[in-house]
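Trainee: Just dropping this structure here.
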């Protein structure tokens, strides 16, 4: 009987210890968001046309976020990937231009936990982005290829609250590519000349002055138990001014996404 | 509660600041956009050509003066046809076959580069009297062995992609030929990459064929350094045509890629250009468009021969090989250019022992 009592006490202590350890261990799970993005896009690329094209864009984005092993309360690692396409038309509506864009960024952010369930993030990321703007009506200059390797500043804010009894997380996230190496053809250079081997002046060092871009997301995440729904708005701008070629791509997109696993333990803790 | 409000206000300020930044900063690269009206489309067209056209200096064109001249012809009320004709006439001042204005009802085209010259070619005459309507065809190429074991190729358009395997077959067919005639008369051009495919069969080492350059900015003289176009011989497993005479037949309607091909071939020691001066078209064209939706095509990247001479005004026949055909002769079944090439090559390649036997 005594032995049974001792074993029960030991089991209770171990269970209590494990529970304590679990509470001390901050969240180390991967939080992902999958979203469909749909909205308006305007495209100007003077290598192809002096006219600004307008149309509709559709994209799929995914992001994964995980706290670091060391100081998980402070440091967050995030991966962001997106594929995006747009079908645009010229002002006269008699020509179409297509924009295809693929990107991936990996970054680290420092978390600042403020009172009232508010968290701020600041960090940096590195990423690759590539794509093409294609204007079928052109002959020897039908496409403007895009490729870049970049370092970005990132910042964000999260406010965990409730909408009635529903957990709610308001998210603001901004990525500001600040230093990059990117490709651009010369002002009047054909891809035939590039194919021949003339690669002079194609690679450029980008900074805010010649290659300004920003990716800004405002979203509300609604906790629905084991999953959550994201509703948001993304403003994405890609501009460059190099080799006397002006490129401006602006996207305003409605973001609808799912967050498998819901809003996670953070909401529960608060 | 006060703390929460303070955080909220800060958050809202942060969001607004971010939005302001995102909306204002990207607009720093200004871009002038013209209205879709008479003046706007005219100015857009004038500016596209002003900033991108590559032969202003070579052709000594005062584009500002041209703009003034045609701007004065614009009226408050015009039909689309009248308006199109004014813009097209302005483009015709460039005297360039690569320049077109295209609308849904018309495409302007400067034709004088060939219409002011004899045609020097008749396809029906060729097919009926020289090929007997009996010739092989592949990759857009018609070919046949002619009397005297002279191989003959007719290639009417560089828009027809030449397959390496097809060219292997053609040149293998001419393996026993004594000479080769490549006829590109009336070839209006197409893809420059087809030149590589052909030239690779006629050389044994990398060969400088010419130069290309491009505009680096909107100024009339903003050009890059000419970049050498070097052609490489075909791999050993491909069929070459070496050490035998080749004649390239040209007329005034050889334009653009055909003109560039004539320029490259004229550099090769065993090649002679026979016929008439080519039509030119030594600038790779770019395309652009107007707010009204019309497209404009224009020369943007000048091409040069191996001596850095512009090929915009055409390639001359090899000295002593300029030949012309009259329409009457052609109608009667005589192609003077082809006759000249055949008789010259037969004479040059005739086997003396065969001649003895004939006697």
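Since every read-out is calculated from the coordinates, none of them should be taken as a lab result. Just so we're clear, the structure is a prediction, and the values are computed from it rather than from any experiment. Here the Cβ positions follow ideal geometry from the backbone for every residue, glycine too, while neighbour counts run over all protein chains shown.
Trainee: How shielded is B:279-291 by partner chains, expressed as the average number of their Cβ atoms within 10 Å of its Cβ atoms?
Mentor: Other-chain Cβ atoms within 10 Å of each residue's Cβ, averaged: 5.
Trainee: Nearest 10 degrees, 0 to 90: what angle lies between the long axis of helix A:2-24 and the longest principal axis of chain A (Cα atoms)?
Mentor: Once rounded, one gets 30 degrees.
Trainee: In segment A:31-269, how does Rg compare with the Kirkwood Rh, expressed as the Rg/Rh ratio over alpha carbon atoms?
Mentor: On the way: Rg = 19.7 Å, Rh = 19.1 Å.
Reported Rg/Rh (Cα atoms, Kirkwood Rh): 1.03.
Trainee: Turning to a different aspect of this structure: Determine the distance separating the Cα centre of segment A:52-77 from the Cα centre of segment B:220-268; give it in Å without decimals.
Mentor: Taking the Cα centre of each part, segment A:52-77 and segment B:220-268 sit 52 Å apart.
Trainee: Enter the mean projected area of the convex hull around the alpha-carbon atoms of chain B, in nm², rounded to one decimal. Don't jump to the answer; show the numbers that get you there.
Mentor: Numbers: hull surface 114.9 nm².
Computed as one quarter of the Cα hull surface, the answer is 28.7 nm².
Trainee: While we're on this one: To the nearest whole number, what is the average tally of beta carbon atoms from other chains within 10 Å of the beta carbons of peptide B:43-49?
Mentor: 1
Trainee: Percent of Cα-Cα pairs more than 13 Å apart in segment A:188-260, please. Kindly include the intermediate steps, with their values, before the conclusion.
Mentor: Values: 1970 of 2628 pairs.
Everything past 13 Å amounts to 75 percent.
Trainee: May I ask you to derive the relative contact order of chain B, considering only C-alpha pairs under 8 Å and at least 6 residues apart, and to give it as an integer percent?
Mentor: 18 percent
Trainee: How do B:325, B:213 rank when sorted from fewest to most other Cβ atoms within 10 Å of their own Cβ?
Mentor: So the ranking, lowest neighbour count to highest, is B:213, B:325.
Trainee: Something else now. With only alpha-carbon atoms counted, please give the Rg and Dmax of segment B:205-359, in Å.
Mentor: 20.0, 74
Trainee: With an 8 Å cut-off on Cα pairs and a minimum separation of 6 or more residues, tell me the relative contact order of segment A:31-269 in percent. Let's see the in-between values first.
Mentor: Details: 670 pairs, mean separation 44.3, N = 239.
Normalised by residue count, the contact order of segment A:31-269 is 19 percent.
Trainee: Could you compute how fast segment B:38-112 diffuses translationally, taking Rh as the Kirkwood radius over C-alpha pairs and applying Stokes-Einstein at 25 °C with viscosity 0.890 mPa s? Give it in µm² per second.
Mentor: For the chosen part, D equals 192 µm²/s.
Trainee: Against the 2.2 N^0.38 Å scaling, with N counting residues, where does the protein assembly as shown land? I'd like the Cα-based Rg ratio to two decimal places.
Mentor: Here the Cα radius of gyration is 1.34 times the empirical estimate.
Trainee: Moving to a separate point now. What is the helix-to-structure angle for B:2-24, meaning the angle in degrees between its Cα long axis and the longest Cα principal axis of chain B, kept from 0 to 90 and rounded to the nearest 10?
Mentor: Helix B:2-24 and the main axis of chain B meet at about 40 degrees.
Trainee: Here is a further query. How many percent of DSSP beta bridges within chain B run antiparallel, rounded to 5?
Mentor: 60 percent
Trainee: Per DSSP H run of at least 4 residues, take -39500 (n - 2.57); add these up for chain B, divide by its residues and hand me the 222 nm value, nearest 500 deg cm²/dmol.
Mentor: Computed mean residue ellipticity for chain B: -10000 deg cm²/dmol.
Trainee: Something else: Can you give me the three principal axis dimensions of segment A:129-263 from its C-alpha atoms, in Å, biggest first?
Mentor: Computed over the Cα atoms, the extents are 64, 30, 21 Å.
Trainee: Separation between the residue A:199 and residue A:178 pseudo-spin-labels, each 7 Å from Cα along Cα→Cβ, expressed in nm?
Mentor: Output for this residue pair reads 3.0 nm.
Trainee: Further question: When Cβ neighbours within 10 Å are restricted to other protein chains, what is their mean count per residue of peptide A:183-196? Don't skip to the answer; put the middle values down first.
Mentor: Values: counts 0, 0, 1, 7, 10, 17, 11, 8, 0, 8, 9, 2, 3, 8.
Per residue, the number of nearby Cβ atoms from other chains is 6 on average.
Trainee: For segment A:22-109, what is the convex hull (Cα atoms) projected area averaged across all directions, in square nanometres? Mind showing how you got there, number by number?
Mentor: On the way: hull surface 29.2 nm².
Over every viewing direction, the Cα hull of segment A:22-109 projects on average to 7.3 nm².
Trainee: Please give the helix B:164-173 orientation as an angle from the longest Cα principal axis of chain B, in degrees from 0 to 90, rounded to the nearest 10.
Mentor: Around 10 degrees separate the two axes.
Trainee: Measuring from centroid to centroid over Cα atoms, what is the spacing of segment A:213-261 and segment A:122-198 in Å?
Mentor: Between the Cα centre of segment A:213-261 and that of segment A:122-198, the gap is 12 Å.
Trainee: Just for segment B:81-225, what percent of DSSP beta bridges are antiparallel, to the closest 5?
Mentor: 60 percent
Trainee: Semi-axes of the equivalent ellipsoid of segment B:211-300: what are they in whole Å, largest first, if each equals the square root of 5 times a C-alpha gyration tensor eigenvalue?
Mentor: 32, 18, 13
Trainee: Please give the Cα centre distance for segment B:167-196 versus segment B:99-144, rounded to the nearest Å.
Mentor: 16 Å
Trainee: Between residue B:244 and residue B:328, take the C-beta separation as r, use R0 = 35 Å, and let me know the FRET efficiency to the nearest 0.05.
Mentor: That gives a FRET efficiency of 0.55.
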